[in-house]
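Asker: One structure, pasted below without further comment.
The values are calculated or read from the model by the stated rules, or taken from the named source; none is laboratory data. Keep in mind that this is a model prediction, so the values were computed, not measured. Heads up, the Cβs are rebuilt from the backbone with ideal geometry, glycines too, and the neighbour counts pull from every protein chain shown. We work out accessible area using only protein heavy atoms, side chains counted, and drop any ligands, DNA or RNA first. Shrake-Rupley method; radii C 1.70, N 1.55, O 1.52, S 1.80 Å.
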Amino acid sequence: MECKKFEQHYKQEMRAVQDSMDVLSGKWKISILSSICFYTKRRFSDILADIDGISNKMLSKELKELELNKLIKRTVLDTQPVTVQYELTKHGLSLKTIIEELTDWGIRHRKEIIGK
């Protein structure tokens, strides 16, 4: 019986990991969230400048998906020309610790692999 409970718990955890990956997977989402997280609020052009290799179209698509998943909030400011700002939602802020841990791991990994 204990084995069945363990198996159910394991399947539930794996489902949670898959749910997380469904929301955060892809080449750009973590980088976009990091840009916004590190600076609190970012304009589209700021995020575009932060992330090497991302196109306008791809950034727009990824921002829409992150907004649909309630991780970021899009605010249109009443300026001339119109300015759009992005920030993490309360739900998105729950990823801050994970982003910081990924940053720390990335620094350690780079040192391990290339010594810098």
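Asker: I'd like the FRET efficiency for E67 and E2, computed as 1/(1 + (r/R0)^6) with the beta carbon distance as r and R0 of 41 Å, rounded to 0.05.
Answerer: The calculated FRET efficiency here is 0.40.
Asker: Kindly count the pairs of lysines across the range 31-116 whose alpha carbons are less than 24 Å apart, treating pairs on different chains or eight or more residues apart as eligible.
Answerer: Lysine pairs, 8 or more places apart or on different chains, close enough: 21.
Asker: Let me ask something else. Based solely on its DSSP helices, what 222 nm [θ] is calculated for the chain when runs of n ≥ 4 H residues each add -39,500 (n - 2.57) and the sum is averaged over all residues, nearest 500 deg cm²/dmol?
Answerer: Per the formula, -21000 deg cm²/dmol.
Asker: Kindly report the accessible area of the chain per residue (heavy atoms of protein chains, probe 1.4 Å, no ligands, DNA or RNA), in Å².
Answerer: For the chain, the solvent-accessible area averages 76 Å² per residue.
Asker: Another one. For the chain, what's the relative contact order in percent, using C-alpha pairs closer than 8 Å and at least 6 residues apart?
Answerer: After rounding, I find 22 percent.
Asker: Right, something else. Where does the charge balance sit around N69 when Lys and Arg score +1, Asp and Glu -1, over other residues with C-beta under 15 Å from its C-beta?
Answerer: The answer is +1.
Asker: Count neighbours as other Cβ atoms within 10 Å of each site's Cβ, and list the trypsin sites (Lys or Arg not before Pro) in the range 1-104 that are DSSP loop with at most 15 such neighbours.
Answerer: K27, K70
Asker: Can you give the angle from 0 to 90° between the axis of helix 96-114 and the longest principal axis of the chain, with both taken from C-alpha atoms, to the nearest 10?
Answerer: 80
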